[in-house]
Amino acid sequence: MYSPDSSSGSGSASDFDSKSAAKPNSKLFYSYKTIEAPIRTKIAVGACRFYASLTSCSKESEARSFLNSVKEELPDATHHAYAYRLGIGDNLLARCDDDGEPAGTAGPPMLGVLEKADITNVIVVGTRYFGGVKLGIGGLVRAYRSCAEAGVSAARICTRELKSRLTIRIPYDYLGGVIREVETAGGKIQHFNYGQDVLLDVEVPMRNALDLPGRVAAASRGEAEISSIQ
C-alpha cells in the first residue's frame, strides 16, 4: 500500500503489498488506477491563470516533495492548493489543502476530481495566478475543479497490478519445476540465494498469489517451503 510517514500534511514496480490490499471482511483489490507520468496543464478563468501539476506518488513524503518542487518552479503564483490520494480500500489516505484560499474552495474540489476518476497514488497541485478580479466562493470552487479536471483529462491513466512478495526455499532437484510455476503465475524471481537449498525471492500478481503455494507444493512434492509472504 502507500507508505505513511511519521508526520502528515494537513487537511508509489509495486506500490502496494497484499497485507494492505486486503483485510479481514474487506473487499479484495488486485489492481489500481493511477497516472503514468507527470503532467502539467494550464487553463484561464477570467483574468486568472490556473495550472494543474500531477504526478504519481506512493508516500506522503513524495507528495510533499512534489508540492515543494511545483512551488519552486512557479514561485510567483498566489496559491498552491493541493489534493492527493494514497493507497486503496481500507488503507486509502486522502488529504487536501486550500493554501490560503477560502476554506473548501480549492483542495476539496480537486480531491473530488481524483475520487471521481478513481485514481490513487497521485497528487494534483492547483496553482493560481491572481488576475486582479475576485472569482467569489462559487467561482473558485468551479475554477479549481476545472483545473484538476483538465490535468486528469490530459494525463495517461494506467492500471497497475498489486503484487505479493514471497520467499521460497527449494531443494535443487525441484528448482526448475518451481520456477515454471512462478512464471506461469505471472511472477518474477527477484533474487536467487544458493546454499544447502535454493532460496528464491519472488514477486507475484496478487490475484494469483493465493493459488501459488499449492502449485509450488505439487511441483516440489511437498519439499518447498514458503517461509514468508507479504
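Every number here is computed from the coordinates shown, using simple stated rules; none is lab data. Nothing here was measured: the structure is a model prediction, and the numbers come from that model. Please note: Cβ atoms are built from the backbone with ideal geometry, for glycine as well, and neighbour counts cover all protein chains shown.
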Subject >> Relative contact order for the range 104-230, counting Cα pairs under 8 Å that sit 6 or more residues apart, in percent >> reply: 26 percent
Subject >> Fewest-first sequence of D76, D201, D211 by Cβ atoms within 10 Å of each Cβ >> reply: D76, D211, D201
Subject >> Estimated vicinal HN-Hα couplings, Hz - the range 154-164 in sequence order (Karplus 6.51, -1.76, 1.60; Gly, Pro = x) >> reply: 7, 6, 8, 8, 10, 10, 10, 7, 6, 10, 10
**OP:** May I ask you to evaluate 6.51 cos²θ - 1.76 cosθ + 1.60, the Karplus curve with θ = phi - 60°, for each residue of the range 44-49 and list the ³J(HN,Hα) values in order in whole Hz, giving x for glycine and proline?
**Re:** 10, 10, x, 8, 8, 10
Original post:
Can you give the translational diffusion coefficient of the chain in µm²/s, computed by Stokes-Einstein from the Kirkwood radius over Cα pairs at 10 °C and 1.306 mPa s?
Top reply: 81 µm²/s
Original post:
Charges only on Cβ, +1 for Lys and Arg, -1 for Asp and Glu: so what's the dipole of the chain about the Cα centre, in debye to the nearest 20?
Top reply: 700 debye
Subject >> Pairs of lysine residues in the chain - Cα separation under 23 Å, sequence separation of 8 or more or cross-chain >> reply: 23
Original post:
How do H80, H191 rank when sorted from fewest to most other Cβ atoms within 10 Å of their own Cβ?
Top reply: H191, H80
Original post:
To one decimal place, what orientation-averaged projected area in nm² is obtained for the convex hull of the Cα set of the range 163-229?
Top reply: 3.7 nm²
**OP:** Would you pull out the residues with amide H under 5 Å of V45's amide H, same chain only if 5 or more places away, H placed 1.01 Å from N?
**Re:** F50
**OP:** Figure the gain on full extension for I189 and S227 (residue separation times 0.36 nm, minus the Cα-Cα span) and round it to one decimal in nm.
**Re:** 12.1 nm
Subject >> Nitroxide proxy distance, nm - points 7 Å out along Cα→Cβ at L28 and A44 >> reply: 5.3 nm
